[in-house]
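> I am attaching a structure below and will ask some questions about it afterwards.
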Amino acid sequence: MAGIASLSKARARVREHCQKENSALEANSAIDLAVSFDGSWHKRGFTSNYGVGSIIHIDTGLVIDYCVLSKFCRNCASAEHDLGRGSPEFDIWYAGHAIDCDKNYEGSSPGMEVAAAEILWKRSLSYKFRYTTLVSDGDSKVFTHLKDLNIYGEDVLKKEECINHVSKRLGTALRNQVKVCKAQKITLGGKSHGSLKDSTIKKLTRYYHNAVFSSINKDAPTVRNSILATLHHCTSTDEKPSHTKCPTDTNSWCFYNRAIANNEIPGSHSDNIKTPLNPTVLKHIAPIYKRLTETSLLERCLKGQTQNANESLHSFIWRKCDKARSVSRRIVEAAVAEGVSEFNFGNASAINILQKNKISPGKKSIMIARVRDRRRKLKIHQAKSERVKRRRNYLRMKNLQEEEKRKELEGIMYGAGEF
C-alpha cells in the first residue's frame, strides 16, 4: 500500500508539473513524457530469480511506476518435490495456489528487463501517460522490443542515450582491442611511452565523456569534432602537431592553441601532454572512435541525459534487501515499495506510513527522519560541486597509476593459466 500511495502522489506531481509547463493540456488528456527506464536484479551474474524495472520522469526525477518479476516460487518448488510436477495431486494443489503464486515470469534472467518494460509501457495509458522518449543504456533490447510493439500506434517512441554508458563503451572497446592485439602478437599496452595502459584508457574515456557533456544542445558534427580533438591532441608531437580540431580561444584546454592565441611560443609536447599515444596505438583504435562518433549515436546524446537516478534508486532498494541473502518475491516487493517511497519523498515517507497505520512515530523518530533527509540533500549538493568532482577524479586516477606502478615492479603475479 505504501508503494501505491507513493506512486499515486508522484504521478499527481508529474501531471501538475506538466500542466504548469503547458497550460493547454486538458485535465484528463494523456501526457507525453520523457522517462528513464532501467532494470536491476537481486543477484549478480544475470542468474537472479527476481528482477525490478523502474520508470523515472526526467524533469521531476520522481519514480512513477515499477514492476517486480519473479521466476521462482518457494511453495511451488516444495509441492513439486513432494507431489511431483504433472501429477493429479499437484494439479489440484496448484489450482488453489495459482492466485497467490510468487512466480509471474517465464524466461531468462536477462530477459526480465525487456518483459518489465513491456508491462510498464502497456499500462501507462491507464495513468494517462505516454512514455514517448526513453533514456536507455543500450544494454538490452528494450527499445527495439517497444518499437516492435508500437503500443501507442503512432510510432512516436524516441530513444536518448545515457552518456555515462556511451562513454563506458569506449573504455570496454579499448580494453578488448588490447586483448585482441595481444593475441595477434601486437602490444598496445605495457610500460612503453604512448602505450594503452589502464590509466590511459580511463583518461580517454573521461575525455570522451567531457567532450559529449560540454557539447550539450549542440549538433552532432560539433560533438564529433570535440571527441576527435581529444584523440588527435594525445597523438601530437613536436615534429607532428595535430591541434586543428582543438579549441583555439585564449582559455582553451589545448596548451598549444592556447599559447598561440596568447601570442606565446607553445611548450614541448612531452612536457604538456599527460596522455600520449603512439602512432601504432592510433592505428588500432581509430576504427573504435569512428564507430563511437557516428551521427546516429551522437544525435541521441545531445541532451546529456544519464541514468544516474535509476542507479541511485537501485541502491535504495538493495540496501533494504541484501543481494547476498535468499529472499522471496514479497520481500523484494516490500523493499522496492519502501525504497521508491524514500527515493521520491525522503525518510519522512516512513513517518507517513506509520501514521496511516495509526502508529505514533514519536518525536525522536521524526527528528531522525528530518536529519537524514537534510544530510541526503547536503551530500547530493556536495557531490555535484566541481571541486568534489575534480578531487574524486584525481583520487581515482592516482590510485590507478599507483596500482600500475606496483604491477610493473612485481611483474605478472596472477593470470588465468599463466603459471
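> Take the conditions among the polar types (S, T, N, Q), open to solvent by 20 Å² or more (accessible area, probe 1.4 Å) and part of a loop (DSSP other than H, G, I, E, B) and apply them to SER108. Does it pass? Explain how you work it out, then say what you get.
On the way: among the polar types (S, T, N, Q): yes; open to solvent by 20 Å² or more (accessible area, probe 1.4 Å): yes; part of a loop (DSSP other than H, G, I, E, B): yes.
Yes, satisfied.
> Suppose we filter the stretch 152-188 for residues that are surrounded by fewer than 18 Cβ atoms within 10 Å (Cβ to Cβ) and more than 24 Å from the chain's Cα centre (by Cα); how many remain?
Number of matching residues: 12.
> Another one. Could you tell me which numbered condition LYS356 fails, if it satisfies all but one of (1) open to solvent by 50 Å² or more (accessible area, probe 1.4 Å); (2) modelled with pLDDT of 80 or more?
If we test LYS356 against (1) open to solvent by 50 Å² or more (accessible area, probe 1.4 Å); (2) modelled with pLDDT of 80 or more, just (2) comes out false.
> Can you confirm whether VAL52 is closer than 28 Å to HIS97 by Cα and either under 19 Å from the mean Cα position of the chain (by Cα) or modelled with pLDDT of 95 or more (or both)? Give the derivation first.
Numbers: closer than 28 Å to HIS97 by Cα: yes; either under 19 Å from the mean Cα position of the chain (by Cα) or modelled with pLDDT of 95 or more (or both): yes.
Spelling it out, VAL52 is indeed closer than 28 Å to HIS97 by Cα and either under 19 Å from the mean Cα position of the chain (by Cα) or modelled with pLDDT of 95 or more (or both).
> Continuing with this model, one more query. Could you list, in sequence order, the residues of the stretch 189-202 that are open to solvent by less than 80 Å² (accessible area, probe 1.4 Å), part of a loop (DSSP other than H, G, I, E, B), in contact (Cβ under 8 Å) with a residue 60 or more places away in the chain and not basic (Lys, Arg)?
Correct list: SER192, GLY194, SER195, LEU196.
> I would also like to ask the following. Quick check on VAL35: is it touching a His at 6+ places or on another chain (Cβ under 8 Å), assigned to a helix (DSSP H, G or I) and crowded, with 17+ Cβ neighbours inside 10 Å?
no
One line per residue, one yes/no per condition, for (1) in contact with a helix residue (DSSP H, G or I) (Cβ under 7 Å, 6 or more places away or on another chain); (2) assigned to a helix (DSSP H, G or I); (3) within 25 Å of LYS203 (Cα to Cα):
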{"site": "ILE366", "(1), (2), (3)": "yes, yes, no"}
{"site": "LYS377", "(1), (2), (3)": "no, yes, no"}
{"site": "ARG387", "(1), (2), (3)": "no, yes, yes"}
{"site": "ARG391", "(1), (2), (3)": "no, yes, yes"}
{"site": "GLN401", "(1), (2), (3)": "yes, yes, yes"}
{"site": "GLU404", "(1), (2), (3)": "yes, yes, yes"}
{"site": "LEU409", "(1), (2), (3)": "no, yes, yes"}
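> State all residues of the stretch 293-331 that are assigned to a helix (DSSP H, G or I) and either of a type in the set (Phe, Trp, Tyr) or touching a Leu at 6+ places or on another chain (Cβ under 7 Å) (or both); if no residue qualifies, say none.
If the condition is that a residue be assigned to a helix (DSSP H, G or I) and either of a type in the set (Phe, Trp, Tyr) or touching a Leu at 6+ places or on another chain (Cβ under 7 Å) (or both), then PHE316, TRP318 are the ones that fit.
> Using the structure shown, decide if THR244 is in contact with a Leu (Cβ under 6 Å, 6 or more places away or on another chain) and open to solvent by 20 Å² or more (accessible area, probe 1.4 Å). Before you say what the answer is, go through the steps one by one.
Numbers: in contact with a Leu (Cβ under 6 Å, 6 or more places away or on another chain): no; open to solvent by 20 Å² or more (accessible area, probe 1.4 Å): yes.
So THR244 fails the test.
> Can I ask one more? Among helices (runs of 4 or more DSSP H) lying entirely in the stretch 213-289, which contain 3 or more residues that are more than 25 Å from THR187 (Cβ to Cβ), touching a residue at least 40 places away in the same chain (Cβ under 8 Å) and aliphatic (A, V, I, L, M)? Before you say what the answer is, go through the steps one by one.
On the way: elements: 220-235, 255-261, 269-272.
Passing ranges, in order: 220-235.
> Same structure, new question: Among the numbered criteria (1) open to solvent by 40 Å² or more (accessible area, probe 1.4 Å); (2) more than 26 Å from the chain's Cα centre (by Cα); (3) under 23 Å from HIS165 (Cα atoms), which single criterion is violated by ASP219?
All conditions are met except number (2).
> Any residue at all in the stretch 71-79 that's within 26 Å of SER48 (Cα to Cα), in a loop (DSSP other than H, G, I, E, B), touching a residue at least 24 places away in the same chain (Cβ under 8 Å) and not hydrophobic (A, V, I, L, M, F, W, C)?
Looking for residues that are within 26 Å of SER48 (Cα to Cα), in a loop (DSSP other than H, G, I, E, B), touching a residue at least 24 places away in the same chain (Cβ under 8 Å) and not hydrophobic (A, V, I, L, M, F, W, C), one finds at least one in the stretch 71-79, hence yes.
> Pull up the stretch 283-302, narrow it to residues that are surrounded by fewer than 16 Cβ atoms within 10 Å (Cβ to Cβ) and not polar (S, T, N, Q), then point me to the one that is nearest to ASP238 (Cα to Cα).
Filtering the stretch 283-302 for residues that are surrounded by fewer than 16 Cβ atoms within 10 Å (Cβ to Cβ) and not polar (S, T, N, Q), the one nearest to ASP238 (Cα to Cα) comes out as LYS283.
> Right, here's the next one. Sort out which residues of the stretch 74-132 are of a type outside the set (A, V, I, L, M, F, W, C) and closer than 30 Å to SER29 by Cα, and write them in order of number.
Those that are of a type outside the set (A, V, I, L, M, F, W, C) and closer than 30 Å to SER29 by Cα: GLU113, GLU118, LYS122, ARG123, SER124, SER126, TYR127, LYS128, ARG130, TYR131, THR132.
The values are calculated or read from the model by the stated rules, or taken from the named source; none is laboratory data. What you see is a predicted model, and the numbers here were worked out from it, not measured in a lab. Heads up, the Cβs are rebuilt from the backbone with ideal geometry, glycines too, and the neighbour counts pull from every protein chain shown. The area values use the complete protein model at the heavy-atom level, side chains included, leaving out ligands, DNA and RNA. Shrake-Rupley method; radii C 1.70, N 1.55, O 1.52, S 1.80 Å.
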